[in-house]
Amino acid sequence: MKKSVSTLIRNGWIVTMNARRDVFKGDLRFVDGAIVDVDERIIPKPGEQIIEASEGFVIPGLVQAHTHL
């Protein structure tokens, strides 16, 4: 059985893809490539990969914003 991979991106400016394009300081967790949680503070799970965003922008839903074909 394949083990799930959980990653937590911490301390970034989350730019949402909702109609208001809300922006807030927070964390984002994804498991096996799918976003599962977005909040102001998410507690890391044991063994989870952590990426420190260091106040950079995190834009979930805006994938492949720049592509050359």
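Solvent-accessible area of LYS45, probe 1.4 Å, all protein chains present, reported in Å² to the nearest ten, please.
110
Can you sort VAL23, VAL15 by solvent-accessible area, 1.4 Å probe, largest first?
VAL23, VAL15
With the radius of gyration and the Kirkwood radius both derived from the Cα set of the chain, what is their ratio Rg to Rh?
My calculation puts Rg/Rh at 1.00.
How many nm separate the modelled label positions at PHE30 and LYS3, each set 7 Å beyond the Cα in the direction of the Cβ?
Roughly 2.1 nm, to one decimal.
Report, in debye and to the nearest 20, how large the dipole of the chain comes out about its Cα centre when Lys and Arg carry +1 and Asp and Glu carry -1 on their Cβ.
With Lys and Arg at +1 and Asp and Glu at -1, about 140 debye.
The values are calculated or read from the model by the stated rules, or taken from the named source; none is laboratory data. Computed from a predicted structure; not experimentally measured. Don't worry about glycine lacking a Cβ; one is built from the backbone with ideal geometry, like all the others, and counts go over all protein chains shown. Ligands, DNA and RNA are excluded from the accessible area calculation, which covers all protein heavy atoms including side chains. Shrake-Rupley method; radii C 1.70, N 1.55, O 1.52, S 1.80 Å.
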